[in-house]
Amino acid sequence: MQVIEDWIAQYPNLLKQCEIILGKPIPYRTWHGWQKLVGACYPQGKRLKSRKYTDEQAQLFLCLAWFRRLFPQRKLTYRLLREYWQSNEYKIEEVFRAIASGNAPCDAPVEKLVALADVKKCCDAVLNRTLSRKSWVKWKGHLKIPLREKVVDQGTAALLVFIACWRHDHYKEPLPSVNRLIVMMGDRTRTAMSLDTASSGTQFHQWQMSGCSGKELPKYLAACGFKVSLLTLYKWGDYSQKKHYSVSELAQWRRIADEKRNGRAA
């Protein structure tokens, strides 16, 4: 892994990876601004092609490319970039894994688009009520989604669903900033959570105190950071959607999911 980090820290390789993630060429002026943003300014006279960045700076560059791909016009500071980096480290791991597998320069995964109508249905399910049009427009505006937009990428869809989870538990408080929402989601939970496995913090606490039904088990595991389908649960052991699982049984399922994930990693 250190060899990969050394390779990607070199300017030409890092620029290529950022351009792949962003989906378009990065002009020199833009890259110069990015250098200031990640704290990688160099004295005048040093050739750009021979520059090499630190591991942390390289990861910040990659995460900056992800951020600009999703939010091309949003104002960004060094502090907000570091918060976004901490909540999206799994994306950087995807780049390193792709290079390690021999796909360097790696192709950035093409994110599937999700219909906003389907996202709203999921938000309604999380809130246990129909979200008003006024609130829905406000949420989309908070994420800078155009008013007439019909589809969004999966990351934006997950953020909308997470807003519904947060609003379920904090129905009178103002919406946190987008970067704060991203940090609260956390890297593992964000990876595991999908439109079908979203749950509020209150619901998760109830599951921890009194257990949950078999139908809710995928949502419970997603809240713990494990993305598991119903088919996988049937393969793992004695699973039933009709059964109510106690707190101790939930701990067993969580341990099984952790063992399975570590087994794949090994």
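Within region 203-215, the set of residues being in contact (Cβ under 8 Å) with a residue 12 or more places away in the chain and on the phi < 0 side of the Ramachandran plot comprises Gln203, Phe204, Trp207, Gln208, Met209, Ser210, Cys212, Ser213, Gly214, Lys215.
Criterion first (touching a helix residue (DSSP H, G or I) at 6+ places or on another chain (Cβ under 8 Å) and loosely packed, with under 12 Cβ neighbours inside 10 Å) does Lys242 satisfy it? Even if it seems obvious, please write down each step before you answer.
Numbers: touching a helix residue (DSSP H, G or I) at 6+ places or on another chain (Cβ under 8 Å): yes; loosely packed, with under 12 Cβ neighbours inside 10 Å: yes.
Yes, satisfied.
Any idea which residue in region 1-58 is farthest from Phe71 (Cα to Cα), counting only those that are of a type in the set (A, V, I, L, M), part of a helix (DSSP H, G or I) and at pLDDT below 75? Once the filter is applied, the top-ranked residue is Val3.
Taken over region 223-266, the criterion of being charged (D, E, K, R) and assigned to a helix (DSSP H, G or I) is satisfied by Lys235, Glu249, Arg254, Arg255, Asp258, Glu259, Lys260, Arg261, Arg264.
On inspection, Lys121 does not qualify as basic (Lys, Arg) and either at pLDDT below 85 or within 18 Å of the chain's Cα centre (by Cα) (or both). A count restricted to region 128-180 and to residues that are exposed (fewer than 14 other Cβ atoms within 10 Å of the Cβ), touching a helix residue (DSSP H, G or I) at 6+ places or on another chain (Cβ under 6 Å) and not in a loop (DSSP other than H, G, I, E, B) stands at 1.
Okay, residues lined up against (1) at pLDDT 75 or above; (2) within 23 Å of Asp153 (Cβ to Cβ); (3) aromatic (Phe, Trp, Tyr); (4) in contact with a Ser or Thr (Cβ under 8 Å, 6 or more places away or on another chain):
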residue: Ser177; (1), (2), (3), (4): yes, yes, no, no
residue: Leu195; (1), (2), (3), (4): no, yes, no, no
residue: Ser210; (1), (2), (3), (4): yes, no, no, no
residue: Lys215; (1), (2), (3), (4): yes, no, no, no
residue: Ala223; (1), (2), (3), (4): yes, yes, no, yes
residue: Tyr234; (1), (2), (3), (4): yes, no, yes, no
residue: Ser246; (1), (2), (3), (4): yes, no, no, no
residue: Asp258; (1), (2), (3), (4): yes, no, no, no
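Scanning region 105-116 for any residue that is more than 20 Å from the chain's Cα centre (by Cα), exposed (fewer than 13 other Cβ atoms within 10 Å of the Cβ) and either assigned by TED's automatic domain parsing to the domain that holds Gly225 or modelled with pLDDT of 75 or more (or both) turns up nothing.
The values are calculated or read from the model by the stated rules, or taken from the named source; none is laboratory data. All figures in this text were calculated on a predicted structure; none of them were measured in a lab. Cβ sites come from the backbone with ideal geometry, for glycine too, and all protein chains shown count toward neighbours.
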